[in-house]
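**Student:** Please read through the structure below; I'll follow up with questions.
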Amino acid sequence: MLAATALALLISGQLGNTADGKAAFESACGACHKKDGMGVAGLAPPLARADWAKSADPAMRTYLPLVVLNGISGKIVAGGKTFMSAMPPQKQHSDEELAAIAAYVVGTLNPPPAGWTDYTTAEIATLRTEKTDRKALLELRGKLVE
């Protein structure tokens, strides 16, 4: 009976985020950002110990999910190195997968901010509906790394 209840909660989405953030990150992001999150010179900036993740600005919480959902292109400076490439949108992933990936990046690959809580699927679903363009994401990044 307990197993049937747990299965029903899992299917309904009420059991919480059960996706493995590390495995999802390695599968979806590892080719460009490497499995350790340190990036690839000139191609993909590091997500581990990322400059933007150190920001106390509340907008930091939305930055990574918005980049993942909408993609980003153009010149990015990270850790004193310049990256000139394009990341395509990753909207094909479920809200649960994206919440797990973002939580892994912010909460494991970086020192989590004070009071940190993992992303929720509802939070990702809301961000998925936002219309954000490349220019706005680059401006937000600039604000976070000032």
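**Student:** Checking the conditions here, which among Pro88, Pro46, Pro65, Pro58 is within 24 Å of Thr117 (Cβ to Cβ) and without any contact (Cβ under 8 Å) to a residue 24 or more places away in the chain?
**Tutor:** Answer to the selection: Pro58.
**Student:** Would you point out the residue of region 4-55, among those that are assigned to a loop (DSSP other than H, G, I, E, B) and aliphatic (A, V, I, L, M), that is modelled with the lowest pLDDT?
**Tutor:** Only one residue tops the list, namely Leu15.
**Student:** Another question about this same structure. Is at least one residue of region 126-138 surrounded by 14 or more Cβ atoms within 10 Å (Cβ to Cβ), outside any loop (DSSP other than H, G, I, E, B), of a type in the set (S, T, N, Q) and modelled with pLDDT of 95 or more?
**Tutor:** The answer is no, given that none of the residues of region 126-138 is surrounded by 14 or more Cβ atoms within 10 Å (Cβ to Cβ), outside any loop (DSSP other than H, G, I, E, B), of a type in the set (S, T, N, Q) and modelled with pLDDT of 95 or more.
**Student:** State yes or no: is Glu96 of a type in the set (D, E, K, R), more than 21 Å from Arg128 (Cα to Cα), at pLDDT 95 or above and surrounded by 15 or more Cβ atoms within 10 Å (Cβ to Cβ)?
**Tutor:** Criteria not met by Glu96.
The values are calculated or read from the model by the stated rules, or taken from the named source; none is laboratory data. Just so we're clear, the structure is a prediction, and the values are computed from it rather than from any experiment. Every residue, glycine as well, gets a Cβ built from its backbone with ideal geometry; the counts of neighbours run over all protein chains shown.
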